[in-house]
Structure formats: C-alpha cells, structure tokens
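Where a number appears in this text, it was derived from the coordinates with a stated rule and is not lab data. The shown structure was predicted, so the numbers you read here are calculated from the model rather than taken from an experiment. Cβ placement follows ideal geometry from the backbone for every residue including glycine, while neighbour counts extend to all protein chains displayed.
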Amino acid sequence: MPWRGVHAWSLTGLLLALCGSPTNPFEVTVNGASSEVGYGGTVLLNCSTSCPEANATGGLETSLSKEWVGRGPGWLSVRLRNITEPLSDILCYFSCFGKREVVTFRVLAYELPSPQLAISNPNTSCNQVVTINCSSAPSWPPGLKLRLRSSRWPLQPWAEGAVHLELMAREEDDGAEFTCEAQLSVGNRTLRRSSATTTLHVTYQPQMDDGSCPPSQNWTEGQDETLRCGARGNPPPLLECTKDGEPFPAGVLRPVTRAHAGTYLCQATNPLGTTVRSITVWVQYHDPDLVLLVLLPVVVAVALVAARVGYGVYYRKKKIRQYRLQERQKQLEMQVLRSKQDRAPLNDVGAAP
C-alpha cells in the first residue's frame, strides 16, 4: 500500500513533502546603536531573521564580553560591554529549514588621544619662517576634524586632515600660543581633545626709536628732569647712557643745571647685537639783565634820597606849623592876660566909698 507508514511522518515533514522548501531565501539583519564606539564603550545589538519557521534558532558569536538582553523566535538582543579591541567582527546567525545564514557586524573601538602639535622652531629669530602643523595619528577613525587655535589669529573652521600654518616671525609674534584641537562625532556625541599649548618665542636685536628715545629733549634749569630713553629687544637689552664719556643713567630724576646741556650717547646691547642712539639735551635758563642790575641800585638810591629830602621838607614844614601854632597860642594868651589887667582898675574904682 502506498500510504503505509504515513503515520511516521511529522507534520513538518509532511508539509515539506507536499509543498517543498521555501523558494525565497530568508534574511538575517543586525541593527546596532553604532558601529563606532569609544575605548571601553558599550554597543547594543539586535539580530533578527525573516525566516517563517516558528522555531527558527539563532545565536551570536564574538570574542567580546556580552550580556544577553533578551531573545525569542526569530530575534535576539545582546549588549557588548567594555569594548577595547580596535576592530571586532560579531557574527549573528539563524537556521531556517535546515539552512544557515550568517551576517557580520563590525565594531570599531577607538581611543581619542590628544592631537599632535609641531612647531618647526619654537625659539626663532625675527624674519625667520616658522611652520606649525596640527595633525592626528594615521590610524584615527574617519570623520576626525582638526583646527589650529592661536592667541594672535582668528579661530579657523574645522577641517578634515592635517592643518598647516606658515608665518614669517615678527616682534609681535613673540609669546604667541598655539593649540591643536581634534573633534569627532560619534552617534549623538561630539568628542574633543586638545594638545598641550606651545608658545612661540621670537628673539630680535635691540631697537630704539623716536618714541622710546627722543633725539631732542628740552630741560629747564632748576627743575627736576630725567633722561628719557628706553630700548626693546629679546632678550631684554642692557641700556647704558653717557655724557662726555661719563655714565649718565637714563630714567633717574635729578635737578637740572646748565652743565647738563649737550650730547648724550645711549647704547643698547643683547646677544643679537648693539644699537646706539644720540640725544641732544637743551637747557632753558634766564640770565639777569645787566642794565637792570646797574639801574636798580641807582633807582633805589635816588628813591632813598628823594624819600629823605621829602621827609626833611615835611619835617621842616611840620616844625614851622608847630612853631606858628605855638606863637599864635602865646599871642592869644597875652591878649587874654591884658584884657584881665585892663578890667582890674575899673573894678577897683567902682568899689571905692
């Protein structure tokens, strides 16, 4: 009988016998939070299949430390922890009707160290070319951006790849600070690191100009003045000023005499050279007028004589007035006395019996 032994067939086998295996291959997909993660980071993976078999089984193979989040028919979820391997391949597989499909998910673990800043000559001289490079290690992940930050120039935009700056060193560049910055976007995070700050030192020989060391200076006799002269340079120069071969320090306050008028020489020296500058000092003073010196005693003497004569005339007139007043007083007294004497006999006659 052709149907003998039918009871020994399973339902699945019967379906396969009647319908055959699926004509379309099934798919296995892996979805991860990110394929790039920082050193020691974590990634959550979800692996699933389109297999219609109800009991389709699957698994995940990796050398990384993993933690099962959950699993069920046609799916599984795993969390990979403490990822330190630079490059890891995670294998997700499912079996469907005896056929196995494998999908590889690659995880890149990176560490973002500080970018590299290099200055060709951090201790340079004026008018020398200096090259500044901001770069990263060749093994860094794609998408890394760099920029060069400086205390003397506007901040530049981010750029992919190394950043170069070439400049001609000037006096004002001395003390300029440079930093190399790196930026990497990972998922919804932005990581940034910076190199150590490097300072550019520019040396130059002594310099003096009309502003720091005026070539002509006016002083006034009797006032306190100072010889105004200064020099700039790197290293800082030593400044020495002399007059007639004798030291005359600049910046020292002193009372001015006519002897200070003349020419001064100021010399500034550092290891790169020497600069000399000449200064002329003019002293303003006022000599007394000789005519005034001669006429003043005469005028004083004449004034004294005139005062003496005037006083003598005044004194004589005063004495004369006093004398006349005294004489007039005597005359009045004599008149009064005579009047009294004239009235006395008359009084005597009227009183006789």
(message) Amide H of ARG152 versus every other amide H placed in the peptide plane: which residues, excluding those fewer than 5 positions away on the same chain, fall under 5 Å?
(response) GLU177
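Arrange the peptides 238-246, 274-282, 89-97, 154-162 so that the one whose residues have, on average, the most other Cβ atoms within 10 Å appears first. Don't skip to the end; give the middle numbers.
Working: 238-246: 13.6, 274-282: 15.6, 89-97: 19.0, 154-162: 10.6.
Packing proxy ranking, top to bottom: 89-97, 274-282, 238-246, 154-162.
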(message) Highest mean first, how do 254-265, 75-86 rank when packing is the count of other Cβ atoms within 10 Å averaged over residues?
(response) 75-86, 254-265
(request) Determine ³J(HN,Hα), in whole Hz, for all residues of segment 170-178 in sequence, where each value follows from phi through the Karplus function 6.51 cos²θ - 1.76 cosθ + 1.60 and θ = phi - 60°; x replaces Gly and Pro. (result) 10, 4, 5, 7, 4, x, 5, 10, 10
(request) Pop out the ³J(HN,Hα) list for segment 70-87 in order, Karplus 6.51 cos²θ - 1.76 cosθ + 1.60 with θ = phi - 60°, rounded to Hz; leave Gly and Pro as x. (result) x, 7, x, x, x, 7, 7, 9, 9, 10, 8, 10, 6, 7, 10, 6, x, 9
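Would you list LEU200, LEU325, LEU60 from fewest to most Cβ contacts within 10 Å? Kindly include the intermediate steps, with their values, before the conclusion.
Working: LEU200 22, LEU325 10, LEU60 19.
The order, fewest Cβ neighbours first, is LEU325, LEU60, LEU200.
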(request) Please get the size of the charge dipole for segment 24-110, origin at its Cα centre, with Cβ charges of +1 on Lys and Arg and -1 on Asp and Glu, quoted in debye to the nearest 20. (result) 140 debye
(request) Enumerate the calculated ³J(HN,Hα) couplings along segment 196-208 in order (Karplus 6.51 cos²θ - 1.76 cosθ + 1.60, θ = phi - 60°), each rounded to whole Hz, writing x wherever the residue is Gly or Pro. (result) 5, 6, 10, 9, 8, 10, 10, 9, 7, 6, x, 9, 9
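Highest mean first, what order results for 65-74, 303-312 on Cβ atoms within 10 Å? Intermediate results must be reported in sequence, preceding the final value.
Working: 65-74: 12.6, 303-312: 10.0.
Peptide ranking by packing, descending: 65-74, 303-312.
For a footprinting-style exposure proxy, rank GLU166, GLU36 by other Cβ within 10 Å, fewest first.
On the way: GLU166 10, GLU36 19.
Starting with the residue having the fewest Cβ neighbours, the order is GLU166, GLU36.
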(request) Can you figure out the FRET efficiency of TYR285 with ARG308, using R₀ = 35 Å and their beta-carbon distance, to the nearest 0.05? (result) 0.35
(message) In 5 Å bins starting at zero, report the fraction of Cα pairs in segment 116-204 per bin as a rounded %.
(response) 3, 14, 25, 23, 15, 10, 6, 3, 1, 0
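Do you know the relative contact order of segment 116-204, to the nearest whole percent, from alpha carbon pairs under 8 angstrom that are 6+ apart? Can you show the working numbers first?
Values: 201 pairs, mean separation 30.6, N = 89.
Relative contact order of segment 116-204: 34 percent.
Gain in length, ALA159 to TYR39, computed as 0.36 nm per residue apart minus the alpha-carbon separation, to one decimal in nm? Don't skip to the end; give the middle numbers.
Working: separation 120, 0.36 × 120 = 43.20 nm, distance 2.38 nm.
Full extension of this stretch gives 40.8 nm more.
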